[in-house]
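Peer 1: Handing you this structure, nothing more for now.
The values are calculated or read from the model by the stated rules, or taken from the named source; none is laboratory data. Keep in mind that this is a model prediction, so the values were computed, not measured. Note that we place each Cβ from the backbone using ideal geometry, even for glycine, and neighbour counts take in every protein chain shown.
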């Protein structure tokens, strides 16, 4: 009795055969600039006692936090809205600097700005970083119980604590990539991915999928290779 060794797949075959995982993250992940800024500010605050430096750190942190919150709260679908936002921010910052350096222009405004001295100790910044870190840890755990997996011949939806599984046919799967927010794309390369499985009346919308362009290209390449294989199989019959 002879045994036939199994065929060894070529090394370059794995790229198209590997599953593609799609995860829809909550928008809180876009606060990672604030997380790293809090860590950096806390580290600097722990080694300095200069009040002027503390005020500069507090001011920079507040501006970055405000920018991050605006990104989280509003959508900027086009570069024109992005340009307008930066113009408004630059005008606001320029106005603050102008009134501080030229107090005789508007003495009342200068008096208000003079009283604003944002500063905090290292404990405050590390507390902010710890809160965000715990939230990110919880998000990393939660997404492991709700994600999509694209394979060559099927689309899988893993969800639930007990790993419930839904299967959909991958052939003729249509995908739509949408970049609804320029800031979200700049921060994480994220966007919206809409999946339209064949023989399924509903479409599945995945918001805030990181690195959406590379994932969309991989899915398109995988489905294209699958369509070619299906056509070849039909022609050979």
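Peer 1: Based on this model, can you work out whether residue 104 counts as within 23 Å of residue 39 (Cβ to Cβ), modelled with pLDDT under 85 and outside the structural domain of residue 196 (by TED's automatic domain parsing)?
Peer 2: Criteria not met by residue 104.
Peer 1: Applying the selection to region 43-78, what residues are out of contact with any helix residue (DSSP H, G or I) (no Cβ under 7 Å at 6 or more places or on another chain), in a loop (DSSP other than H, G, I, E, B) and modelled with pLDDT of 85 or more?
Peer 2: Once the filter is applied, which keeps residues that are out of contact with any helix residue (DSSP H, G or I) (no Cβ under 7 Å at 6 or more places or on another chain), in a loop (DSSP other than H, G, I, E, B) and modelled with pLDDT of 85 or more, region 43-78 yields only 47.
Peer 1: How many of the residues making up region 181-211 are part of a strand (DSSP E or B) and surrounded by 13 or more Cβ atoms within 10 Å (Cβ to Cβ)?
Peer 2: So the count comes out to 11.
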